[in-house]
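**Q** What follows is a structure written as structure tokens; I'll ask about it next.
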Amino acid sequence: MKADAVRGHLDGVLLAVLEAGPLHGYAIITAVQRRSGGALELRTGTIYPALSRLERTGLLRGSWESSGERRRRSYALTDAGRRRLADERTAWREFTAVIGSVLNPAPPAAGDTV
């Protein structure tokens, strides 16, 4: 799947994978790949700026943790992030319903004119 297909929906994707609990960047990338059946492969150059932006806007809370000698940043949803995720899901359902009605129109009823 083209990376452009995610554009405009990246925030919702990231918030959704963090809904179950905190993850670090690589684990987020892996979760997106797993949940999409391998169709979505986010690059670090895409994900980390988005995570930073979501943190700056208060939708995520980041914290540093140690793993052996390495430190990595873990991200968790804030209450505002949970509300935004709910909004993203509503917007997604509306978007897919509208596009679906265009791409897969219902057959005209008897007597209707196009």
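**Q** Go through the stretch 64-89 and report how many residues are farther than 16 Å from GLY8 by Cα, in a helix (DSSP H, G or I) and in contact (Cβ under 8 Å) with a residue 40 or more places away in the chain.
**A** Looking only at that region, the number is 2.
**Q** Let me confirm something: among THR57, THR44, THR30, which residue is more than 14 Å from the chain's Cα centre (by Cα), modelled with pLDDT of 95 or more and of a type in the set (Ser, Thr, Tyr)? Can you show your working first?
**A** On the way: THR44 fails: modelled with pLDDT of 95 or more; THR30 fails: more than 14 Å from the chain's Cα centre (by Cα).
Criteria check complete, one pass: THR57.
**Q** How about the stretch 64-96: which of its residues are within 19 Å of PRO22 (Cα to Cα), of a type in the set (Ser, Thr, Tyr) and at pLDDT 95 or above?
**A** SER74, TYR75, THR78
**Q** Examine the stretch 90-97 for a residue that is out of contact with any Phe, Trp or Tyr (no Cβ under 9 Å at 6 or more places or on another chain), small (Gly, Ala, Ser) and part of a loop (DSSP other than H, G, I, E, B), and state whether such a residue exists.
**A** no
**Q** Further question: Is there any pair with a first residue in the stretch 92-114 that is closer than 30 Å to GLY12 by Cα and a second that is among the polar types (S, T, N, Q) and loosely packed, with under 10 Cβ neighbours inside 10 Å whose Cβ atoms are under 7 Å apart and which are 6 or more apart or on different chains, and what are they?
**A** Within 7 Å, no pair qualifies.
The values are calculated or read from the model by the stated rules, or taken from the named source; none is laboratory data. In this text the structure is predicted, and so the values were computed from the model without any measurement. Note that each Cβ is placed from the backbone with ideal geometry, even for glycine, and that neighbours are counted across all protein chains shown.
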